[in-house]
There are 2 protein chains.
Amino acid sequence: MTISTDSKPGDDARGEKENKERVVPTLASIAERVGVSANTVSRALRAPNTVRPELRKRINIAMEELNYVPNRLAGGLSGTRTDIVGVVVTSLYYSEFASIIDTLQSSLLEHDLQVMLANTRYNPDQELKLVRSILSWRPAAVAIIGIDHPPKVVELLKSSGIPIIEMWDTSGPVIDTAIGFDHQAVGAAQARHLIDRGYRTLAFVGSLRENDRRARKRLLGLETEAVKAGITPVITCTEPIGGSPDLGEKLALHVLQTHPGIDAIVCNSDVVAFGVMRGLRNLGRRVPEDVGVIAFGDNEAAACITPPLTTIRPDRERIGRLTADAIVARINGGEPQTTIVDWKLVARESTQREATDEGG
Amino acid sequence: MTISTDSKPGDDARGEKENKERVVPTLASIAERVGVSANTVSRALRAPNTVRPELRKRINIAMEELNYVPNRLAGGLSGTRTDIVGVVVTSLYYSEFASIIDTLQSSLLEHDLQVMLANTRYNPDQELKLVRSILSWRPAAVAIIGIDHPPKVVELLKSSGIPIIEMWDTSGPVIDTAIGFDHQAVGAAQARHLIDRGYRTLAFVGSLRENDRRARKRLLGLETEAVKAGITPVITCTEPIGGSPDLGEKLALHVLQTHPGIDAIVCNSDVVAFGVMRGLRNLGRRVPEDVGVIAFGDNEAAACITPPLTTIRPDRERIGRLTADAIVARINGGEPQTTIVDWKLVARESTQREATDEGG
DNA sequence: TCGCATAAAGTTATCGCTAACGCAACGCTC
DNA sequence: GAGCGTTGCGTTAGCGATAACTTTATGCGA
């Protein structure tokens with residue numbers, strides 16, 4: 001295989017000799033070449049069966065030869081609607097929302113809808129800026145993570161007049177349509193699970209960004225449920241940085257130093273739990289015998305680490321697919337509605353206490 | 001002939017009373033409200049210091065009150081360029097490209113460039129469709145994973161006349177600018193590492209999609225280097241589906257059944273390796289004593305599983321950042337260039353053979 | 001006071017496409 | 001063969017911004 005790296009971007013141009021200045025072809029140039037009006041070319045694209053087959057074929061050939069790519073800025077400006085769907089997520093790290101985006105975008109593709117992505121990184125100012133930016137492209141719809149947005153964001157989204165799908169969280173007032181689940185219930189389930197398994201001294205650990213409202217809801221659920229059982233969990237969190245194994249390890253060391261009696265740790269994410277378990281190992285604490293660990297997210301590695309991690313599995317692909325469905329439905333005049341998507345507590349070894357000294 | 005359109009979208013004028021139908025404000029409506037021409041409002045946005053401060057303030061207030069969001073379809077059509085950057089990736093699962101996208105988009109945001117995302121899922125037909133779709137938005141630049149594209153895609157990208165940044169792979173002819181590394185060298189390094197550690201019977205395992213050219217390059221490097229040492233690796237791959245722990249487990253069982261003598265497994269991705277190690281455990285093979293495992297990707301969990309996984313760590317964030325830099329530079333007239341980004345073989349326990357019976 | 005540079009706004013002409021309408025040419029019915 | 005619906009394509013008028021001018025104040029030196 002010969003690899004030559006000096007490829008001039010432009011010296012291919014086998015058609016137009018004098019292609020010094022690349023001329024991006026327009027509908028009009030296609031029309032001229034074929035000898036019809038621009039509108040006929042437009043029709044050949046949008047409503048092919050209104051154009052004579054023979055003519056249509058000639059038009060298609062011309063478009064192919066000139067490498068015509070329609071200008072959707074013009075199309076969108078002229079027509080009523082674009083085929084953009086704005087997608088706003090709060091994070092792209094790890095697997096948190098990647099697979100939602102994955103299924104969402106591939107489902108939308110079937111309807112010829114194009115994703116415009118924005119990542120707020122849990123920064124509300126950025127969220128406003130990005131939502132504004134996305135709306136300026138006059139998208140057909142917007143899908144956004146969460147239901148807790150700055151007031152201005154809500155105002156903008158509402159006044160845009162397009163379908164707004166809020167994903168991931170459904171516990172609260174919604175702008176239009178929501179698809180997700182109740183995070184407080186997740187926290188409660190985590191607490192219940194640990195208590196049922198005989199754990200008694202709970203800690204919550206992780207990166208709890210101020211604007212990660214979902215994490216706060218889970219924590220609230222955890223506390224509420226624990227208090228019911230007469231337990232007050234220890235909270236150890238960091239604010240600014242995101243979750244990572246290293247953070248988990250650090251927090252595990254810290255929390256067990258300050259509260260040696262802790263026998264169960266709830267992690268804000270699986271990735272943090274990975275580090276927590278490493279930290280526990282370094283401290284000589286056995287999981288699950290000495291300390292139980294439960295997390296949230298069901299990262300792809302959760303079942304592969306030692307011991308396998310008990311965690312919460314949200315059905316991300318379902319959320320992605322249902323969001324795409326909802327977008328299409330709403331665009332076609334369907335009614336707004338809120339859909340709860342199931343999640344599962346996947347009990348693995350990390351919370352499997354051998355002997356339950358006190359029954360749950 | 002006088003054409004009279006009964007449904008004047010302008011007869012709301014300033015009578016906001018009858019606001020049953022939401023009216024999306026335009027530059028003109030702001031202008032009217034303030035009592036200036038549309039162009040002045042436009043200037044207040046684009047070149048604020050050409051507008052009297054007092055007037056500018058009134059314009060800003062009006063925009064705020066009406067929740068004005070500029071229509072960039074119009075702006076892009078009229079102006080020379082949009083602030084869209086098309087980003088084309090081959091996968092969104094797991095951590096493969098998520099963090100590239102993450103850094104890329106947040107770096108671009110600093111320059112007010114907006115990401116439009118497309119995911120080809122390793123499907124060349126989809127790649128063509130998506131590239132066409134992205135180009136139809138007249139982006140300022142396109143960043144795309146890989147350097148091996150269908151000819152038509154290359155043709156379209158070249159004839160678009162905008163900067164094209166190819167990411168992740170640099171081993172071959174490039175359209176314009178590339179930022180990545182040589183995957184064949186990665187494969188060679190994997191082989192050398194295993195051989196140096198005393199492993200002698202190598203297997204390559206994973207999902208090897210036909211259009212994942214990078215994986216094939218790594219495999220080629222692996223084979224070439226192994227053959228130099230008189231070793232012929234066993235290849236066991238699946239085509240259609242993507243990599244996952246379950247796949248890894250299945251393949252590990254299979255490969256050790258058919259080739260019991262294997263003492264080292266190279267995995268196409270960390271996620272596959274997670275499953276491979278689980279499979280080995282189930283078979284009673286110790287890692288790294290009986291079988292060494294090396295992978296590619298440096299997933300966030302790689303250092304947390306047991307034993308910690310030896311793997312290749314590409315500098316994704318650097319690639320993301322450099323890609324953003326390159327885009328900005330190229331837009332501002334900089335020259336195309338190819339940049340090699342370092343990767344690292346992170347040696348952990350999964351290839352740490354206690355006794356090296358034969359020196360490397 | 002005139003002349004001229006400068007500042008601050010208004011005018012006009014696109015950008016490339018689509019929607020709505022216009023209008024031949026044709027086929028069908030009675 | 002008059003009437004009328006179809007088919008197939010052309011014409012015209014925007015969509016909402018920006019760029020390039022033009023026009024109208026304003027300041028300032030000679």
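The values are calculated or read from the model by the stated rules, or taken from the named source; none is laboratory data. It should be emphasised that the depicted structure is a prediction, and the values quoted were computed from it without experimental measurement. For neighbour counting, all protein chains shown are included, and Cβ atoms are generated from backbone atoms with ideal geometry for every residue, glycine included. For accessibility, only protein heavy atoms count, side chains too; no ligands or nucleic acids. Shrake-Rupley method; radii C 1.70, N 1.55, O 1.52, S 1.80 Å.
Residues of region B:119-167 that are under 23 Å from B:V341 (Cβ atoms) and at the interface with another protein chain (Cβ under 7 Å from one of its Cβ atoms): B:N119 alone. Candidates are the residues of region A:30-56 that are away from DNA strand D (no atom under 11 Å from the Cβ) and more than 39 Å from the chain's Cα centre (by Cα); the one that is surrounded by the most Cβ atoms within 10 Å (Cβ to Cβ) is A:I30. Taking the conditions exactly as written (free of Cβ contacts under 8 Å to residues at least 24 places away in the same chain, open to solvent by 10 Å² or more (accessible area, probe 1.4 Å) and either under 24 Å from B:G275 (Cβ atoms) or not charged (D, E, K, R) (or both)), does B:R209 satisfy them or not? Criteria not met by B:R209. When B:V328 is tested against (1) more than 14 Å from chain A (Cβ to nearest Cβ); (2) under 21 Å from B:I101 (Cβ atoms); (3) assigned to a strand (DSSP E or B), exactly one condition is not met: (3). Only residues that are touching a strand residue (DSSP E or B) at 6+ places or on another chain (Cβ under 8 Å) and either in a helix (DSSP H, G or I) or more than 18 Å from A:L219 (Cβ to Cβ) (or both) were counted in region A:265-287, giving 7. Restricting attention to region B:212-264, the residues that are of a type in the set (A, V, I, L, M) and in a helix (DSSP H, G or I) total 12. Each residue in region B:274-300 was checked for being at the interface with chain A (Cβ under 9 Å from one of its Cβ atoms), open to solvent by less than 30 Å² (accessible area, probe 1.4 Å) and at pLDDT 95 or above, and 3 pass. Restricting A:T310, A:T306, A:T258 to those that are in contact with a Leu (Cβ under 9 Å, 6 or more places away or on another chain) and of a type in the set (S, T, Y) reduces the list to A:T310.
Only one of the numbered conditions (1) under 29 Å from A:D246 (Cα atoms); (2) open to solvent by 10 Å² or more (accessible area, probe 1.4 Å); (3) out of contact with any helix residue (DSSP H, G or I) (no Cβ under 7 Å at 6 or more places or on another chain) is not met by B:D263, and that is (1).
Residues of region A:21-31 that are closer than 19 Å to A:E54 by Cα and away from DNA strand C (no atom under 11 Å from the Cβ): none at all. Across region A:295-307, not a single residue is classified as farther than 19 Å from A:S99 by Cα, in contact (Cβ under 8 Å) with a residue 24 or more places away in the chain and in contact with a His (Cβ under 8 Å, 6 or more places away or on another chain).
For B:R321, are the conditions met, namely being away from every other protein chain (no Cβ under 11 Å), under 17 Å from the mean Cα position of the chain (by Cα) and either in a strand (DSSP E or B) or without any contact (Cβ under 8 Å) to a residue 12 or more places away in the chain (or both)? Judged against the criteria, B:R321 is not a match.
When you check B:G243 against the structure, is it more than 14 Å from every other protein chain (Cβ to nearest Cβ) and of a type outside the set (A, V, I, L, M, F, W, C), yes or no? Considered against the rule, which asks whether it is more than 14 Å from every other protein chain (Cβ to nearest Cβ) and of a type outside the set (A, V, I, L, M, F, W, C), B:G243 comes out as no.
Just to be sure, is A:Y93 open to solvent by 30 Å² or more (accessible area, probe 1.4 Å) and under 18 Å from the mean Cα position of the chain (by Cα)? For A:Y93, the condition - open to solvent by 30 Å² or more (accessible area, probe 1.4 Å) and under 18 Å from the mean Cα position of the chain (by Cα) - is met.
Answer with yes or no whether B:Y94 is touching a residue at least 60 places away in the same chain (Cβ under 8 Å), of a type in the set (F, W, Y) and farther than 17 Å from A:M116 by Cα. Yes, satisfied. Find the residue count for region A:79-91, including only residues that are facing another protein chain (nearest Cβ under 9 Å) and farther than 16 Å from A:V115 by Cβ. Qualifying residue count for the region: 1. If the condition is being under 24 Å from A:E155 (Cβ atoms), of a type in the set (V, I, T) and either away from DNA strand C (no atom under 12 Å from the Cβ) or open to solvent by 70 Å² or more (accessible area, probe 1.4 Å) (or both), then region B:57-85 contributes B:I61, B:V69. Hey, can you tell me all the residues within region A:159-209 that are touching a helix residue (DSSP H, G or I) at 6+ places or on another chain (Cβ under 9 Å), assigned to a loop (DSSP other than H, G, I, E, B), outside the structural domain of A:D290 (by TED's automatic domain parsing) and of a type in the set (A, V, I, L, M, F, W, C)? A:I162, A:I175 - these are the residues of region A:159-209 that are touching a helix residue (DSSP H, G or I) at 6+ places or on another chain (Cβ under 9 Å), assigned to a loop (DSSP other than H, G, I, E, B), outside the structural domain of A:D290 (by TED's automatic domain parsing) and of a type in the set (A, V, I, L, M, F, W, C).
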